[in-house]
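Accompanying notes for the structure given below.
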Amino acid sequence: MITVLKSSATAEQRDQLIRWLEGQNVQVHISEGSEYTVLGLVGDTAHIDMELLESLDIVDSVKRVSEPFKKVNRKFHPDDSVIDAGGVLIGGGHFAVIAGPCSVETREQIIGVAHAVKASGAALLRGGAFKPRTSPYDFQGLHGEGLTLLLEAKKATGLPIVTELMDMQDFDLFEDVDVIQVGARNMQNFGMLKKLGRTDKTILLKRGLANSIKELLMSAEYIMAGGNENVILCERGIRTFETYTRNTLDISAVPVLHELTHLPVIIDPSHATGHASLVPSMALAAAACGADGLMIEVHNDPIHALCDGAQSLTPAQFDELMGQVRRILEVVRS
Ligand code: PEP
Ligand code: MN
């Protein structure tokens, strides 16, 4: 249920109303919007007398929210959320590009790529240390050593880092990681989502290979329900009957998610297409349709990459793409 307050409501009146609502066993989520203050009520709201609430002097309107997602719902928070990702803002007009290799391989590789993507305008560095691979015989990542190298690259360049956590048992190693990625395969690992919801880490939540937009939102709700509101959503392609591309990029997920939620939405054109040649056009499409950012795989030597070389851009290709992205953003914003 949401309660929209009149702009004439004083802070004291608002707090009094919140105490009254909390006394009826519901959680109250306050969103101070540019035009209105919205109180989002979560929990068992069936016993709340809507007519009584609506009749109060300071209340403008009361509505039931029929969707099962509440805290992520734009009705609860009409303005875009701006998320802090290690000091870089994403959402609400702040566009950020995350770039780096699929996996951290060597010191030279990650530090070299970090300097290159920074020079081209990337705001965050990515690199997997724990890799979810289809085959147990493939390179699984450098684990703790990979995180150490990523932190060295962060120190060398000042770029905040994004890296995937696959198992909560490794959480303590992620203390200095700026953004924890929950990968597509863990999107519905509800135990993990609940635990991350009790932390204050910024979470990049990727859409599952075969998950609907509503399921993605429910997973984000798990994190927010625990109190962690620092969530960024990522569309990375879904499974369809098409096999030419690695996945099928659901570009319409961007405007659909922007309608349904206040959380920022970024696009990963690398995992969506699986081919470096297709990454630039999809990245530009994402910027054109209002995405809040991009996550792009960049490798200094894609042919010899230990993971996802075929979809990785070289630093030179990434540099060219960043120039084009900036031009698209200028058009979109003008
Ligand atoms: C990744 O970003 O490295 C990755 C494994 O992505 P996804 O979970 O989207 O497959
Ligand atoms: Mn990858």
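The values are calculated or read from the model by the stated rules, or taken from the named source; none is laboratory data. What you see is a predicted model; the values in this text were computed from it and never measured. Every residue, glycine among them, receives a Cβ derived from its backbone with ideal geometry; neighbour counts consider all protein chains shown. Note: accessible area is taken over every heavy atom of the protein model, side chains too, but ligands, DNA and RNA are not part of it. Shrake-Rupley method; radii C 1.70, N 1.55, O 1.52, S 1.80 Å.
If Val72 meets every condition in (1) surrounded by fewer than 16 Cβ atoms within 10 Å (Cβ to Cβ); (2) touching a residue at least 12 places away in the same chain (Cβ under 8 Å) apart from one, which number is that one?
(1)
Only residues that are open to solvent by less than 10 Å² (accessible area, probe 1.4 Å), farther than 23 Å from Gly237 by Cα and not aromatic (Phe, Trp, Tyr): list them for region 161-186, please.
Val177
Filter region 295-327 down to residues that are under 28 Å from Leu257 (Cβ atoms) and either hydroxyl-bearing (Ser, Thr, Tyr) or within 12 Å of ligand 1 (Cβ to nearest atom) (or both), then give me how many there are.
Total satisfying the criteria: 7.
Restricting attention to region 96-115, which residues are small (Gly, Ala, Ser), in a helix (DSSP H, G or I) and open to solvent by less than 30 Å² (accessible area, probe 1.4 Å)?
Ala114, the sole residue that qualifies.
Go over the candidates His258, His275, His262 one by one and state the one that is under 14 Å from the mean Cα position of the chain (by Cα) and surrounded by fewer than 21 Cβ atoms within 10 Å (Cβ to Cβ).
His258
Can you find even one residue in region 140-155 that is under 18 Å from Gly87 (Cβ atoms) and among the hydroxyl-bearing types (Ser, Thr, Tyr)?
Checked region 140-155: no residue is under 18 Å from Gly87 (Cβ atoms) and among the hydroxyl-bearing types (Ser, Thr, Tyr).
Quick check on my filter: what residues within region 116-162 are among the hydroxyl-bearing types (Ser, Thr, Tyr) and either in contact with a helix residue (DSSP H, G or I) (Cβ under 8 Å, 6 or more places away or on another chain) or assigned to a loop (DSSP other than H, G, I, E, B) (or both)?
Within region 116-162, Ser120, Thr134, Ser135, Tyr137, Thr157 qualify.
If the requirement is being surrounded by fewer than 24 Cβ atoms within 10 Å (Cβ to Cβ) and closer than 15 Å to Ile251 by Cα, which of these qualifies: Arg239, Arg207, Arg198? Please lay out each step first, then the result.
Working: Arg207 fails: surrounded by fewer than 24 Cβ atoms within 10 Å (Cβ to Cβ); Arg198 fails: closer than 15 Å to Ile251 by Cα.
Exactly one of Arg239, Arg207, Arg198 is surrounded by fewer than 24 Cβ atoms within 10 Å (Cβ to Cβ) and closer than 15 Å to Ile251 by Cα, namely Arg239.
In region 50-62, what count of residues is obtained for those that are exposed (fewer than 13 other Cβ atoms within 10 Å of the Cβ) and either over 16 Å from Lys6 (Cβ atoms) or not small (Gly, Ala, Ser) (or both)?
So the answer is 3.
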